[in-house]
Amino acid sequence: NTPVAIIKGAYRESQTVVITDLENMEAHADKLGMISTVIIGNSSTYNFRNLMINPRGYTSKYNLQTN
C-alpha cells in the first residue's frame, strides 16, 4: 500500500492532516481542494506513529547494523 498524506489548509487554524494510502484516498475526497497539498510516497515509504517515513537509502548502500 502506497502511503498518502493529505494536508488541507497548511499552517492555518483550520489545518487538517490525513495519513492514508492510495487505495483509500477517495474516502477523503472532502479534504481535496485548492488549499490542499497531497504527498504520495513510494515503494520504500512507510507509516510510523502517524508520520510518513521515506528512508534515504543508506541501508542498501552501506552494510549498516540496526538494533
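What follows draws every value from the coordinates through simple rules; no lab data is involved. Predicted model only: the values in this text are computed from it and were never measured. Here the Cβ is made from the backbone with ideal geometry for all residues, glycine too, and neighbour counts use every protein chain on show.
Observations on the structure shown:
- Residues in segment 7-25 that are among the acidic types (Asp, Glu) and under 15 Å from the mean Cα position of the chain (by Cα): Asp21, Glu23.
- Restricting attention to segment 14-49, the residues that are among the hydroxyl-bearing types (Ser, Thr, Tyr), farther than 30 Å from Ser60 by Cα and exposed (fewer than 10 other Cβ atoms within 10 Å of the Cβ) add up to 1.
- Some residue of segment 56-66 being within 11 Å of the chain's Cα centre (by Cα), surrounded by 11 or more Cβ atoms within 10 Å (Cβ to Cβ) and of a type outside the set (Lys, Arg): no
- Residue pairs meeting the criteria (Cβ under 9 Å; at least 6 apart or on separate chains; first among the acidic types (Asp, Glu), in segment 1-29; second assigned to a loop (DSSP other than H, G, I, E, B) and surrounded by 11 or more Cβ atoms within 10 Å (Cβ to Cβ)): Asp21/Asn1; Asp21/Thr2; Asp21/Gly41; Glu23/Asn1; Glu23/Thr2
- For the criterion of being free of Cβ contacts under 8 Å to residues at least 24 places away in the same chain, at positive phi and of a type outside the set (Phe, Trp, Tyr), Arg49 passes.
- Within segment 1-13, being touching a helix residue (DSSP H, G or I) at 6+ places or on another chain (Cβ under 6 Å) and buried (at least 17 other Cβ atoms within 10 Å of the Cβ) holds for Val4, Ile6, Lys8.
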